[in-house]
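Peer 1: Questions regarding the structure given below will be posed in turn.
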Amino acid sequence: MIREERLNYNVRDTGIIRSMAKVRVQLGTPRFELVTSKLIQESRPECVFDFSMLDEFLNCHRSYLYRYEWHLTRIGGSAHSLIFGDGTHDALKAHYTLLRDKKIVGRPFDREEHLEAMERAFLKATHKAILANEFPMFIEDQPDGKRYLLNAWKILAGYLDTYPQENFEVLDIEVPIAYIIPYDLDGEVGEIIYIGRVDLLIQYLGHLHVMEHKTSSIMGKHFMASFRPNHQVSGYIGGMRERTGLPIYWGLINAIGVYKNDPKFERERVRRETDEIISFENQVINMTREILWYRDRIQQSTGTGPNEEEAEDIFYQNPRYCFKWNQACQFHILCQKASKTARHTLMAHAYAKVVWSPFKFHNMKAEDMGVQVDERVKKIV
Ligand code: SF4
């Protein structure tokens, strides 16, 4: 149980961690042994996070509560942007798998073969949403004229024409990471498991890079600048260092602009120094500490378990986030209801319980990651 006064903790002693990180980076010691270490057995089961959980917590505590603590998701409410992003990721995975495999056997690049593989992968990822009328095929059914099937295919063709054969080597595709971040909460020692999936690990300009695909319809002047600072990039570079024991400092942002007319493609390298990775680890520890404190407050408020109304106020709203990216938050209709009864009636009818498990979402088993989990952890992974 985390006590309230733990908020008054001292900032984590970074000295030891700093020297540990330096040794890891300089010697390139693989961390797999540490992942399977005894420490993981002692990790708190509730200390498993991924980027989306922590990002949502930063955006709006209330939306974090609804999605990741109460596991609510709006029925039929997946945003077109999410479906489009998933389809694009699968299409790029098909493309780079083909590119890597053909290079190994020395077959030449064939644009049509790649395009067909990408279109099939996109369709496979989105066909259920298309059949359920949750994702449009044609521009007439898409109010913003951007995210629909035929435009996706135009964008994928444009991508191949822009980068027909890459000037980097694909080393690995969709690489799962379970980034172990040791913590010391005033004497309680354990590990946070930060789960993620890196789109590509590549060798580019003589350096290892973590490559991330990003779809966006607002690639303005601040778009690339938004990746430093950026927790996901730091976590994925830090996590890949952890996983491979290799000195990885670079990320490559692969931006795919989704527009009505011509698509836009941009790439930019982003770097992370060791100090930034250490800072990221400390920030994750502090976010975890806050989340545990909030959970603890809920327990304390009733003595027996969460009181829902009080929980909603403990995880307070951030109304500035309700329409971020020009889209309504999936919980906006809940937040507009004044009474608890009205909110809970709506929850029962317009929302489904879809349990969020970082391991499952990233399509991996804890055991496959070399993570030995105890019974408490198994309940949530
Ligand atoms: S509607 Fe606004 S306040 Fe409510 S959960 Fe979403 S972002 Fe938070």
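Peer 1: Out of S301, S234, which single residue is touching an Asp or Glu at 6+ places or on another chain (Cβ under 7 Å), at pLDDT below 90, part of a helix (DSSP H, G or I) and among the polar types (S, T, N, Q)? Give the derivation first.
Peer 2: On the way: S234 fails: at pLDDT below 90.
Answer to the check: S301.
Peer 1: Any residue in the stretch 208-224 that is more than 21 Å from the chain's Cα centre (by Cα), within 30 Å of P143 (Cβ to Cβ) and not in a strand (DSSP E or B)? Give the derivation first.
Peer 2: Initial filter on the stretch 208-224 (more than 21 Å from the chain's Cα centre (by Cα)): 220-221.
Subsequent filtering for residues that are within 30 Å of P143 (Cβ to Cβ) retains 220-221.
Of the ones still in play, those that are also not in a strand (DSSP E or B) are 220-221.
For the stretch 208-224, residues more than 21 Å from the chain's Cα centre (by Cα), within 30 Å of P143 (Cβ to Cβ) and not in a strand (DSSP E or B): present.
Peer 1: Tell me the residue from A152, A157 that is closer than 24 Å to L252 by Cα, touching a residue at least 60 places away in the same chain (Cβ under 8 Å) and either part of a helix (DSSP H, G or I) or hydroxyl-bearing (S, T, Y) (or both), please.
Peer 2: Numbers: A157 fails: touching a residue at least 60 places away in the same chain (Cβ under 8 Å).
Checking each option against the conditions leaves just A152.
Peer 1: Next question. Are any residues in the stretch 65-120 basic (K, R) and under 30 Å from R297 (Cα atoms), and if so, which ones? Write out each step before concluding.
Peer 2: Of all residues in the stretch 65-120, those basic (K, R) come to 67, 74, 93, 100, 102-103, 107, 111, 120.
Result: R67, R74.
Peer 1: Please go through the stretch 173-184 and pick out each residue that is loosely packed, with under 15 Cβ neighbours inside 10 Å and either in contact with a Leu (Cβ under 7 Å, 6 or more places away or on another chain) or within 23 Å of L92 (Cβ to Cβ) (or both).
Peer 2: Listed by number, the list is empty, since nothing qualifies.
Peer 1: Here are the criteria: (1) at pLDDT 95 or above; (2) more than 17 Å from the chain's Cα centre (by Cα). Tell me which single one V189 does not satisfy.
Peer 2: Tallying (1) at pLDDT 95 or above; (2) more than 17 Å from the chain's Cα centre (by Cα), V189 fails exactly one: (1).
Peer 1: Right, something else. Please specify each residue of the stretch 233-275 satisfying the condition of being touching a helix residue (DSSP H, G or I) at 6+ places or on another chain (Cβ under 6 Å), farther than 19 Å from N167 by Cα and surrounded by fewer than 18 Cβ atoms within 10 Å (Cβ to Cβ).
Peer 2: P247, T274
Peer 1: Look at L252 and say whether it is at pLDDT 95 or above and either closer than 30 Å to D144 by Cβ or away from the ligand (no atom under 16 Å from the Cβ) (or both).
Peer 2: Against the criterion (at pLDDT 95 or above and either closer than 30 Å to D144 by Cβ or away from the ligand (no atom under 16 Å from the Cβ) (or both)), L252 qualifies.
Peer 1: Only one of these conditions is not met by R295: (1) at pLDDT 85 or above; (2) not in a loop (DSSP other than H, G, I, E, B). Which number is it?
Peer 2: That leaves (1) as the condition not met.
Peer 1: So which residues in the stretch 120-164 are in contact with a helix residue (DSSP H, G or I) (Cβ under 6 Å, 6 or more places away or on another chain), buried (at least 18 other Cβ atoms within 10 Å of the Cβ) and more than 19 Å from K264 (Cβ to Cβ)?
Peer 2: Listed by number, the residues that qualify are A121, A125, T126, A129, F135.
Peer 1: Just to confirm my filter: which helices (runs of 4 or more DSSP H) fall fully inside the stretch 304-358 and include at least 2 residues that are farther than 24 Å from W293 by Cα and either modelled with pLDDT of 95 or more or within 15 Å of the ligand (Cβ to nearest atom) (or both)?
Peer 2: Because the criterion is at least 2 residues that are farther than 24 Å from W293 by Cα and either modelled with pLDDT of 95 or more or within 15 Å of the ligand (Cβ to nearest atom) (or both), the helices (runs of 4 or more DSSP H) in the stretch 304-358 that meet it are 332-335, 340-350.
The values are calculated or read from the model by the stated rules, or taken from the named source; none is laboratory data. Please read all numbers here as calculations on a predicted model, not as lab measurements. Note that we place each Cβ from the backbone using ideal geometry, even for glycine, and neighbour counts take in every protein chain shown.
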